1. Could you tell me which of the residues Gly168, Gly152 is assigned to a loop (DSSP other than H, G, I, E, B) and open to solvent by 30 Å² or more (accessible area, probe 1.4 Å)?
2. Check whether at least one residue in the range 145-164 is touching a Cys at 6+ places or on another chain (Cβ under 9 Å) and hydroxyl-bearing (Ser, Thr, Tyr), and report yes or no.
3. For the range 215-270, enumerate the residues that are assigned to a loop (DSSP other than H, G, I, E, B), hydrophobic (A, V, I, L, M, F, W, C) and either open to solvent by 60 Å² or more (accessible area, probe 1.4 Å) or farther than 30 Å from Asn86 by Cα (or both).
4. Condition (residue is within 14 Å of Trp88 (Cβ to Cβ) and without any contact (Cβ under 8 Å) to a residue 12 or more places away in the chain) applied to the range 142-149: is it met by at least one residue?
5. Given the criterion open to solvent by less than 60 Å² (accessible area, probe 1.4 Å) and either more than 13 Å from Leu87 (Cβ to Cβ) or in contact with a His (Cβ under 7 Å, 6 or more places away or on another chain) (or both), identify the matching residue among Val175, Val132.
6. Being open to solvent by less than 30 Å² (accessible area, probe 1.4 Å) and either more than 18 Å from Thr142 (Cβ to Cβ) or in contact with a helix residue (DSSP H, G or I) (Cβ under 7 Å, 6 or more places away or on another chain) (or both): is that true of Leu191 here?
7. Taking Phe291 and the conditions (1) open to solvent by less than 70 Å² (accessible area, probe 1.4 Å); (2) under 25 Å from Ser109 (Cβ atoms); (3) modelled with pLDDT under 95, which numbered condition does it fall short on, given that it satisfies the others?
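The values are calculated or read from the model by the stated rules, or taken from the named source; none is laboratory data. Since the model is a prediction, treat every value here as computed from it, not as a measurement. Counting neighbours? That spans all protein chains shown, and the Cβs are built from the backbone with ideal geometry, glycine included. Just the protein is used for accessible areas: all its heavy atoms, side chains included, with ligands, DNA and RNA removed. Shrake-Rupley method; radii C 1.70, N 1.55, O 1.52, S 1.80 Å.
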Amino acid sequence: MSSGANLLDPTLMRRLDQMSIAAKNRIRGTMQGKRRSRDMGSSMEFADYRLYTPGDDTRQLDWHAFGRTGKPFIKLFMDEQELQVNLWLDASKSMDFGRGEGADSLRLSKWEYARQLAAGIGYMSLNRFDRVSAAAFTTQMTKQQKLLRGKGSSLKLFEFLASCQTEGTGDIGAVFRNPSILPRQAGMTWLFSDFLYEQGIEESLKYLLAAKQEVVAVQVLAPEEINPDLTGELRLIDSESGAAKEVAMSSKVLQAYREAALQYTQTLRAFCYERGITYLLAITNVPPGDFLLGELRRSGLVR
């Protein structure tokens with residue numbers, strides 16, 4: 001069996017089969033899917049009646065209602081339209097951090113964790129006949145899976161995610177500043193990243209909003225990035241640039257770091273909230289399945 005097929009546990013997939021992505025704004029797609037929109041259409045789910053007006057499809061006349069009331073009523077049905085879901089994964093080298101050791105050896109790195117979350121979101125979407133694209137990026141888009149549709153495409157999505165790898169430095173601003181990579185159709189964009197950038201984050205999110213995307217920013221962090229447990233004289237190495245820095249880890253330094261990390265995530269959360277972007281913090285000591293089944297439901301992103 002391929003590594004792609006192993007991205008999601010079969011038990012988890014069976015539970016995800018019962019769930020679907022809940023977009024805030026219903027998006028009219030180009031093909032009929034299984035997503036209810038606010039428009040009336042021709043699916044089989046009954047919605048309401050209204051009086052016939054010239055030009056209406058006479059096949060929708062309810063003759064039983066006409067017989068009871070003597071008035072020509074038209075049956076209305078919910079138009080279930082597909083949603084375009086775009087998955088973006090930060091593949092910069094800093095994401096390849098956080099794999100557990102010793103008793104915690106089963107804990108995934110941020111990158112592995114993000115791929116599993118993306119696989120779960122993509123699987124739910126394909127299962128409901130939404131269209132799904134996926135891409136990895138560093139300073140530019142490094143790999144892309146063009147639009148897929150239908151549950152049968154899930155394995156292809158998993159294989160794509162499994163084939164993506166982290167590499168080099170990242171520049172999120174440079175990626176989304178490029179108009180050619182922005183979605184051309186209104187939809188829902190999920191952005192998986194640690195968002196550990198000095199600049200470019202707010203700019204990128206604004207570009208996605210301008211492209212008529214409902215944006216979900218998933219900040220994936222390892223527990224030690226929030227609350228490190230380090231002591232003594234240490235030489236810290238930047239995973240992307242390779243630059244090193246000598247640091248004396250005192251309790252005062254650790255406390256200052258924890259406060260700065262908290263402030264950083266709160267500032268990002270506030271920025272997203274003010275602009276209607278959904279922000280989620282995913283800590284990798286929470287199993288991916290628990291995040292998909294719990295946090296996404298609590299946030300109203302799935303039903």
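1. Gly168
2. No, that holds for no residue.
3. Leu230, Ala243 - these are the residues of the range 215-270 that are assigned to a loop (DSSP other than H, G, I, E, B), hydrophobic (A, V, I, L, M, F, W, C) and either open to solvent by 60 Å² or more (accessible area, probe 1.4 Å) or farther than 30 Å from Asn86 by Cα (or both).
4. Yes - at least one qualifying residue is present in the range 142-149.
5. Numbers: Val132 fails: either more than 13 Å from Leu87 (Cβ to Cβ) or in contact with a His (Cβ under 7 Å, 6 or more places away or on another chain) (or both).
After applying the criteria, what remains is Val175.
6. Judged against the criteria, Leu191 is not a match.
7. (3)
To keep it simple, each residue is scored yes or no on (1) over 25 Å from Val302 (Cβ atoms); (2) open to solvent by 30 Å² or more (accessible area, probe 1.4 Å).
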| residue | (1), (2) |
| --- | --- |
| Ser125 | no, no |
| Ala136 | no, no |
| Lys146 | no, yes |
| Ala162 | no, no |
| Leu196 | yes, yes |
